[in-house]
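Structure record follows, encoded as structure tokens.
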Amino acid sequence: MSSRLPPLTALRAFDAAARHMSFAQAAAELNVTPAALSFQIKSLEEHLGAPLFRRLNRAVELTEAGAALAQGAAEGFQTLATAWRAAQRTQDTQTLTVTAGPAFTAKWLAPRLYEFAQAHPEIELRFAASLSRMDLTRDNVDVAIRFSSAQTPDLYALPLAEEWVMPVMTPAMAAQYPTIESLQDAPIIFDDSINFLTPPIGWSQWFEAMGVPFSPTLGPRFSQADHAIDAAMAGVGVVLGRRALVIKDLAEGRLVAPFPTALKTSARFSFLCLKGMENRPQIKVFREWILAEIEKTAHVTLGLTILDPATP
């Protein structure tokens, strides 16, 4: 039996028929006649020396040999499609597809994008606000920005600024609750999006770090950090704000942090892309822009005491 691969056209016809379990539907997908598709599959069976389908009255089903070939054929064509898209992307220097979480998109990216668009009108930005695990090759995404402590050795990963949390509130609320002791009576907002952090970071840990035992349990709870921050900006209460998500509002005075002690988080935002793609023109300029934007607000944290909750 020859180990030489059969013609790709015949394998493509088989893959379509195996997925649809219908020669007619496979032919329609490939834009050929059912007779032409049947001829390709018959030639493939002759090449193998065994039938791949059982022809029934109004249907077909895979033989043992067909079942053995079907999964590998599907995976092979998916790999080819992925590789082709990757090759096409290397020729595109004008489109940049970015995915980031909804909170980072709303609180960090969106307020700054006008400046990037003005500076780089040649780049067409496309955004997907999602926390889903992404396959950058399969999903045709150039850059992912993710908040995590996990290592990503299979990707180019650039950790961004260290993250911390600390109480932030409106200036009016800060005047109402000027001391840590009075803060115990303030309306508390809970950002449940950081509940996955280890060691845990929350109100109890922050008050303990300040030497004031207090474990608030009542108050509105939000699963999305940007919603919790928006509530604080509306005067609903005080929230433990993450650096990246509140730094612009702190710099511009919409929020204040009257108690300059923060807790360092075990996770941070990272800039991710496929290895070898980090210096593609649009990815490189976007990365450099993000780093420059972070530097613009670095002064906001001057004088801030950042404690590590893992340290006794």
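Taken together, the values in this text are just the output of simple stated rules run on the coordinates, not laboratory data. Computed from a prediction, not measured in an experiment: that's the story for all the values here. Note that each Cβ is placed from the backbone with ideal geometry, even for glycine, and that neighbours are counted across all protein chains shown.
Summary of computed values
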{"read-out": "Cut-off 17 Å, label 7 Å out along Cα→Cβ of residue 127, residues of the stretch 228-265 by amide N", "value": "228-230, 244-249"}
{"read-out": "Radius 15 Å from Cβ of residue 64, net charge of other residues (Lys, Arg +1; Asp, Glu -1)", "value": "-1"}
{"read-out": "Considering only the chain, percent of DSSP beta bridges that pair antiparallel, nearest 5", "value": "55 percent"}
{"read-out": "Cα-based Rg of the stretch 8-90 normalised by 2.2 N^0.38 Å, two decimals", "value": "1.13"}
{"read-out": "Packing-based ranking, highest mean first, of 100-112, 240-252 given that Cβ atoms within 10 Å are counted", "value": "240-252, 100-112"}
{"read-out": "222 nm mean residue ellipticity, helices alone, for the chain (DSSP H n ≥ 4; -39,500 (n - 2.57); rounded to 500)", "value": "-11500 deg cm²/dmol"}
{"read-out": "Whole-Hz ³J(HN,Hα) from phi, Karplus 6.51 cos²θ - 1.76 cosθ + 1.60, for the stretch 148-154, glycine and proline x", "value": "6, 9, 6, 7, 10, x, 7"}
{"read-out": "Rounded, prolate or oblate (a/c below 1.5 giving rounded, otherwise prolate when a/b exceeds b/c) for the stretch 246-312 by Cα gyration tensor", "value": "oblate"}
{"read-out": "For the chain: relative contact order, % (alpha-carbon pairs under 8 angstrom, 6 or more apart)", "value": "20 percent"}
{"read-out": "From phi via Karplus (6.51, -1.76, 1.60), per-residue ³J(HN,Hα) for the stretch 31-38 in Hz, x at Gly/Pro", "value": "6, 10, 7, x, 5, 5, 5, 4"}
{"read-out": "Options (1) 50; (2) 35; (3) 24 - which one matches percent of Cα pairs over 31 Å apart as calculated here", "value": "(1)"}
{"read-out": "Phi to ³J(HN,Hα) by Karplus 6.51 cos²θ - 1.76 cosθ + 1.60 over the stretch 71-78, Hz, x for Gly, Pro", "value": "5, x, 5, 4, 5, x, 5, 5"}
{"read-out": "For residue 95, distant residues with modelled amide H under 5 Å away", "value": "124"}
